[in-house]
Amino acid sequence: MKNFSVAISVVLLGILLGGCSFNNKQAAEESSLKEQNSLLKENSSLKAKQRSKKSSSLNTEN
């Protein structure tokens, strides 16, 4: 009976550790996606500024 309870404890510990590993991986992916989203927003902002500068320089040339 003692072996059975040890086996159950090992299985539960494995499930717990597996769940923690999954949560850490998921958190890392979410962090990466947030960083990518931030970079995309920054990039689009810079592109908008460049377009604005180009259009203003074209307007001053005319």
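The values are calculated or read from the model by the stated rules, or taken from the named source; none is laboratory data. Computed from a predicted model, the values in this text were never measured in an experiment.
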Exercise. So which residues in the range 21-50 are basic (Lys, Arg) and at pLDDT below 90?
Worked result: Lys25
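Could you tell me whether Asn62 is among the polar types (S, T, N, Q) and at pLDDT 85 or above? Steps first, please.
Working: among the polar types (S, T, N, Q): yes; at pLDDT 85 or above: no.
No; evaluated as a whole, the condition is false for this residue.
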